[in-house]
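Each remark here refers to the structure printed beneath this line.
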Amino acid sequence: MGVRKFVTAMLATASIAAGGVAQADDTVTLGFTAALSGDFAAFGENMRRGAELAIEQLNADGTGPTFELFPVDDRGEAREGVLIAQRFCSDEDVDVVLGYSFSSIALAAVPVYDQCGLPVLASAVTSPDLSGASPYFRRNILTDAVQGAMMGTFAVETLGDKRIYVIHQQDDYGIGVANAFTEAAEAAGAEILGTENYLLGAKDFKTQISRIRSADPDALFIGGFYSEAAKIASQAQSLGVDVQLLGTDGSLNPELVSLGGEAVEGMIVYGMFDPSVATEDTAAFIEGYEAAHGMAPNAFSALGYDAVMTVAEAVRIATEAGDLTRESLNTAFGEIDGFPGVTGPTTFDAQGDRAGSLYFLQVRDGAFALAE
Amino acid sequence: MRPLLSIQDLTIVYGGLVALGSVSFDVDERAIHGVIGPNGAGKSTLVNALTGFAPISSGTVTLADRHIGGIPAHAAAAAGIARTFQNIRLFAGMTVLENTLVGAHRHFRARLPHLLLRAATARGEEKRWRERAMGELDFVGLTGQAQASAGALSYGHQRRLEIARALLLEPALLLLDEPMAGMNAAEKEEIETLIRKVRERGVTVLIIEHDMQVMRRLCERVTVLHHGRRLADGATAEVFAETAVQEAYLGRSS
Amino acid sequence: MDFFGQLLVNAIMLGAIYSLAAIAYSLVYGVVQLVNFAFGELFMLGAFICISLMLPSVRLFGLEAPMPALPFLLAAPVSIAVVAAIGVVVERLAYKPLRNAPRLAPLIAAIAVSVLLQSLAQSVWGAEELSFPSFALSDLPPIILFDSIYVSVMEIVVLITALVSMLGLTLFVRRTRMGRAMTAAAEDREAAYLVGIPVNRVIALAFLIGSGFAALAGVLYAQAYGFAHPTMGFLPGLKALTAAVLGGIGSIPGAALGGMVLAVIETFGAGYLPNGSAYRDAISFAILILLLMFRPQGLLGRPELNDMPAGSLVGMLGQYARAGGVGRLFAPIDRLFERMGAGSLVLNVALFCTALALAFIITNDFWLRILIFVVTYGLLASGLNIVVGFTGLLDLGFVAFWAVGSYFTSILFILVLKNQFGVAPTDIWWLFYVNLIAGGVLAAGAGMLLGYPTLRLRGDYLAIMTLGFGEIVRIVATNWIDLTRGPMGIRGIPTPSLFGYPLNDPRHLYLVGVLLAAALLFLLSRVVRSYVGRAWVAIRENESAAEAMGVHTARYKLYAYASGGFFGGVVGVFFAHSQQYISPLSFTLFENILILMLVVLGGLGTFIGPFVGALFWIVFLQVAQGFSLFQAMPELRYALLGALLVALMVFRPQGLSARARVPLSIEK
Ligand SMILES: Nc1ncnc2c1ncn2[C@@H]1O[C@H](COP(=O)(O)OP(=O)(O)OP(=O)(O)O)[C@@H](O)[C@H]1O
Ligand SMILES: [Mg+2]
């Protein structure tokens, strides 16, 4: 096989791999990447379900262009971040990219997008490092700094917790929320009795919990994902620690309850959406989601849904002004102003961040309900 | 004649086992010196002790008036002692020539920059030792085998290669641990001739061998070990005549 | 006091589990002198099978499958029996054919089996945790001692189970014929064979019992922490191995003691040292390293266990490998590589030009990015190849050097010059080129530093110690936030540029990579094709003979570590600047194992092998994503790699490009 033939064969494989069936020009392809397998697949899967629903509804409506989702799994591996970004960049059909479960992977991918001018609208990465990382990068979720601070204030002022212990996962996410939480809680007059950390994937928290127990706090703030939060909760229960558990959007996941069982009962977490407070506008979303997926949506499904709807709005703005290109789409994102969605209105600031509000949710009878 | 190697009260203890107990003897310069003794007598242990492979419990070893007792193996090689092994230890994944060149290791002087730039010094010494190595291969009878894989050589050729490799060290003293083991009479004779030629080049040879006919012909002096003790030491004919030696060893083998 | 007491209780529970798993390592090591890295995975399988049996239905391969919903007391023994059987099968297929092979072969096979089982489990049960169902015993309220120390009923059950099974094993070994045969085989396999002990059956039995213990430990661990997960066996496996070494590998009471001691040190270290819980695993690895340095025989072991039969995988061409039909399969590949390896200038230049030409033939940036990874991993594998392939030292901590290079340049460019002194990274474009060298030299120094304590060790112990170093470096990089920004990573690293002309698109980066690879390989070939290379290979083939020929083996091993480190460091600098972002996520043990596998796959001790391995594997990883089977179960790709490696060890340990043998002197 000659070199040229070999290369052609490779390129053919590439386009197969890229799912590149020839498409009509009026199709808008939304690249979607997140951890869809591996330990933290739940966030990605929820975003994807939300996005799929939105696409279904947009295509059924039939007034605009056809939308298509092109999902690629990053497996939570750093190495994949760059490759997937390049795959989307090189695939001319891809107009915009959604998703992302890990800030570190998004951070690795940003330079590639920056270079090929492909706009990204992420929905689950909250690192402050991503603010202003690129003119092509935006997200419709609040940053750790904002969310953690809101929780800190809420814990002290609404729940009345005065003696709080903090435990967080040792990464950008955990450190970010824990610092913001600590600052806000202290500002609101609480005493932070101590801070513990753990590595993502840790299983044994008994040492930290024994120390937390000695400090005798009112509340324990867990800055981390549901899998560890569930273990912390059950190990705390078995060591006789009975405090108000506080979590983050990383714990806002049905898996928290299925892993943690009664140990997480009463735990309070936050998210940008809550099905139980559905307004008329969001009712259609919830109904459609339950019909399509047989389960209630959570904040990440809602953000995924809103992301697609926001893209549709940007596409509308861009086509009105002229041709739809990556560049014009990117400009259009900047022009979006208060676009309504199930997680509230969307406007992006100059840093690519969005302002918004949080819901505080409590585990009651094995399900998330609005905290009182 | 001045002794090249002098061993005084050499003792080697493994756990509780005395492998060598207070053994003393001298090896003359340019001699072929035999060491004999039944299985487990401590012969290989002696070679190991001289080459840094066995920890010396007590006693002294001097080579040309220099203390070499307890020095590490690579230092023993640097001091001019080369050896072969009772169970052949070649570098199976290397060619015959490369094996031999490892023997010349201590002669190379080029430093990293020379190597990286392939400076004249590096090229020159590489070429010189390659030629020497080819010469040694001819000398031991491995002409034309330089590029063969060492692991693929016949048993007899592997023994020869071990000798060639040791010779490239340019040793003052060559220790041969049963170099003829498992060979037929004709092959033994060839190795015998080879050993004589080695000595003619000025190398002192200390050889361990179980074949008494060969040893009687080859060695000027022999030392007899038995249960780690020196049973006898002296001119070959005299030693072989000693009754104690015959009882302990020759009685069994002849 | 209640803190201390609670820690003690926690430590004892953890210790019981470590002890059980440590026995698995010790028992098998005693009989076959092999560190069976796969015990961590058998531990995990025990947990999964037990939970599956306890549920009414489980999702297997993504499909709902009915299960018997057995009670715990029935599910546990059944799962242990199943895992014990798996252990015996693994021994039969992967280790038995390698029993007389150089030690590196079964060791690599064990690592490959470990990757295989873990990836397979992930394909079968999915990547998410499976929670442990509660049952009567686990639901009982905890017992509270002195008002403040909580002990659950199951913890007492765990402790009793551990004690009873260890006692049972001791009685078995002392009192039964097979047990005594096992002790005899452990003393001296040859002799045991001669006196008529059925050695094969004894070894199978050791694997049977060992795997059973690993499974028991896994079941108890899963119960204690409430879940099973495909990667759950990895860390406890290493801890158990540490415990086995601590107690004296090969000794059963030693394993029990080692497990307890390790758990106590680890728990109290985490509890009382500042920021201890973050460094918890580092504490264990530090103990392991100190132990191997100063008392490799452990607390109760015998000293002489740690040596390795001489010989290398490369020298074994056709000796133990049962080539047969496989040999014929490789014949055309062999012919190709034979020509390449002969070092013909024309072929090498042609190869280099082809690599350069690819940059212009391939127009798709995505494939260029993939090629950048091929070059990066090929170079990393080449660095590791100096240590493993040429010098024969199994190094599982190689990623540390890669990390050193990456962090060095990133810290300098971003955290120091940009953040402290306000120097714009684009103004100092030349520093990248300086750093390539400086990062390499720094990593070479690190290589010597980390290599020094390992000099006296061989084979398994060497692998374990380097693994410990690699993990410590990663843990420090993760937790020393002031230096490395920890898990947040460092971003904004500039791409390479030349006089202000940025080399930032994939084509330029690929070209930079190819030039770097050519330069490094050129330098390496000059070193390898000299007395230095011969000394390395001599150490690999027969260390004592090398020493007898005057090779200062310790020094040349350090040179090998330094050269490997240099490669790792240079690649690290290139990697950081081509990615523009680094985080500790890139430098995991799994990456190290992957790099090792690329070397073995491609061919140990060849120049082209690491690149063949990298090209083959990284392209396969991407192409496989086009198949629905691998889309549904991406882990299956790694399972395939594991299986391939085991087969390679048995049938063709020299790798694909075995015949591209490197001449060790300048051709005349
Ligand atoms: N490394 C060692 N550890 C413990 N004992 C050893 C060691 N090496 C040798 N021995 C013991 O020392 C004694 C002498 O062994 P040695 O190999 O020197 O005998 P030998 O005279 O060379 O015998 P052979 O003719 O069989 O080669 C033997 O009992 C042997 O078992
Ligand atoms: Mg002997």
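Things to note:
- Annotation note: of B:ALA41, B:ALA82, B:ALA31, B:ALA49, the sole residue that is in contact (Cβ under 8 Å) with a residue 40 or more places away in the chain and within 16 Å of ligand 2 (Cβ to nearest atom) is B:ALA41.
- Only a single criterion out of (1) surrounded by fewer than 16 Cβ atoms within 10 Å (Cβ to Cβ); (2) among the hydroxyl-bearing types (Ser, Thr, Tyr); (3) closer than 18 Å to B:PRO171 by Cβ is not satisfied by B:THR60, namely (3).
- The residue pairs whose first member lies in the stretch C:619-630 and is farther than 22 Å from C:ASP365 by Cα, whose second member is outside any loop (DSSP other than H, G, I, E, B) and not aliphatic (A, V, I, L, M), and whose beta carbons are closer than 9 Å, counting only pairs six or more residues apart or on different chains, are C:PHE630/C:ARG637.
- Taken as a whole, the condition of being among the basic types (Lys, Arg) and in a helix (DSSP H, G or I) does not apply to B:ARG230.
- For the stretch C:32-71, a residue qualifies if it is in a loop (DSSP other than H, G, I, E, B) and in contact (Cβ under 8 Å) with a residue 24 or more places away in the chain, and the qualifying residues are C:GLN33, C:LEU34, C:VAL35, C:ASN36, C:PHE37, C:ALA38, C:LEU55, C:PHE61, C:GLY62, C:PRO71.
- Here B:VAL214 meets each of (1) part of a helix (DSSP H, G or I); (2) open to solvent by less than 40 Å² (accessible area, probe 1.4 Å); (3) within 17 Å of B:VAL140 (Cα to Cα) with one exception, condition (3).
- Residue match in the stretch B:43-52 (condition: within 19 Å of C:VAL532 (Cβ to Cβ), surrounded by 19 or more Cβ atoms within 10 Å (Cβ to Cβ), more than 9 Å from chain C (Cβ to nearest Cβ) and hydroxyl-bearing (Ser, Thr, Tyr)): no
- Out of C:LEU604, C:LEU621, C:LEU615, C:LEU636, one residue alone is open to solvent by 10 Å² or more (accessible area, probe 1.4 Å) and modelled with pLDDT under 90. It is C:LEU636.
- Meets criteria (at pLDDT below 85 and either among the charged types (D, E, K, R) or surrounded by fewer than 21 Cβ atoms within 10 Å (Cβ to Cβ) (or both)) for A:LYS203: yes
- Evaluation of C:GLY568 against the conditions (1) over 28 Å from C:LEU523 (Cβ atoms); (2) at pLDDT 85 or above shows that the sole unmet condition is (1).
- The stretch A:312-334, subset at pLDDT 90 or above and of a type in the set (Asp, Glu), residue farthest from A:LEU58 (Cα to Cα): A:GLU327
Per-residue answers, yes or no, for (1) touching a Cys at 6+ places or on another chain (Cβ under 6 Å); (2) hydrophobic (A, V, I, L, M, F, W, C); (3) crowded, with 18+ Cβ neighbours inside 10 Å; (4) on the phi > 0 side of the Ramachandran plot:
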site: C:GLY397; (1), (2), (3), (4): no, no, yes, no
site: C:PHE401; (1), (2), (3), (4): no, yes, yes, no
site: C:SER406; (1), (2), (3), (4): no, no, yes, no
site: C:PHE413; (1), (2), (3), (4): no, yes, yes, no
site: C:ILE428; (1), (2), (3), (4): no, yes, no, no
site: C:LEU431; (1), (2), (3), (4): no, yes, no, no
site: C:ILE472; (1), (2), (3), (4): no, yes, yes, no
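- Selection count, the stretch A:214-271, where residues are acidic (Asp, Glu) and within 14 Å of another protein chain (Cβ to nearest Cβ): 5
- Number of positions in the stretch A:117-132 that are within 11 Å of chain C (Cβ to nearest Cβ) and without any contact (Cβ under 8 Å) to a residue 60 or more places away in the chain: 3
- Per the conditions (1) at negative phi; (2) more than 14 Å from every other protein chain (Cβ to nearest Cβ), the sole criterion not satisfied by C:GLY250 is (1).
- Residue check, C:SER148 farther than 30 Å from C:ASN385 by Cβ, of a type in the set (S, T, N, Q), surrounded by 14 or more Cβ atoms within 10 Å (Cβ to Cβ) and within 11 Å of chain A (Cβ to nearest Cβ): yes
- If the condition is being closer than 15 Å to B:VAL222 by Cβ and either within 16 Å of ligand 2 (Cβ to nearest atom) or surrounded by fewer than 20 Cβ atoms within 10 Å (Cβ to Cβ) (or both), then the stretch B:7-23 contributes only B:VAL23.
- Residue selected from the stretch B:172-194 under the condition open to solvent by less than 10 Å² (accessible area, probe 1.4 Å) and within 14 Å of chain C (Cβ to nearest Cβ), by the criterion nearest to ligand 2 (Cβ to nearest atom): B:ASP177
- Identification of strands (runs of 3 or more DSSP E) wholly contained in the stretch A:255-372 with 2 or more residues that are over 25 Å from A:THR66 (Cβ atoms) and open to solvent by 40 Å² or more (accessible area, probe 1.4 Å) yields A:359-364, A:367-370.
- Of all the criteria given as (1) in the same structural domain as A:ALA149 (by TED's automatic domain parsing); (2) surrounded by 24 or more Cβ atoms within 10 Å (Cβ to Cβ); (3) within 22 Å of the chain's Cα centre (by Cα), the one not satisfied by A:SER210 is (3).
- Candidate set from the stretch A:56-86 (those that are at pLDDT 90 or above and closer than 19 Å to C:VAL619 by Cβ); member that is surrounded by the most Cβ atoms within 10 Å (Cβ to Cβ): A:ALA85
- Subset tally (residues that are at pLDDT 75 or above, under 28 Å from C:GLY237 (Cβ atoms) and not hydroxyl-bearing (Ser, Thr, Tyr)) for the stretch C:129-153: 7
- C:ALA101 being small (Gly, Ala, Ser) and in a loop (DSSP other than H, G, I, E, B): yes
- Among the residues here, C:VAL219 does not qualify as assigned by TED's automatic domain parsing to the domain that holds C:PHE48, open to solvent by 20 Å² or more (accessible area, probe 1.4 Å) and within 30 Å of A:PHE205 (Cβ to Cβ).
- Search result, residues across the stretch B:75-89 that are within 7 Å of another protein chain (Cβ to nearest Cβ) and either in contact with a Lys or Arg (Cβ under 8 Å, 6 or more places away or on another chain) or within 15 Å of C:VAL527 (Cβ to Cβ) (or both): B:ALA77, B:ALA78
- Of the helices (runs of 4 or more DSSP H) contained entirely in the stretch B:70-152, those carrying at least 3 residues that are under 20 Å from the mean Cα position of the chain (by Cα) fall at B:73-78, B:96-103, B:120-140.
- Residue in the stretch C:525-539 that is nearest to B:THR121 (Cα to Cα), counting only those that are without any contact (Cβ under 8 Å) to a residue 60 or more places away in the chain, buried (at least 24 other Cβ atoms within 10 Å of the Cβ) and not hydroxyl-bearing (Ser, Thr, Tyr): C:ALA535
The values are calculated or read from the model by the stated rules, or taken from the named source; none is laboratory data. This one's a predicted model, so the numbers in the text were calculated from it and none came from an experiment. For neighbour counting, all protein chains shown are included, and Cβ atoms are generated from backbone atoms with ideal geometry for every residue, glycine included. We work out accessible area using only protein heavy atoms, side chains counted, and drop any ligands, DNA or RNA first. Shrake-Rupley method; radii C 1.70, N 1.55, O 1.52, S 1.80 Å.
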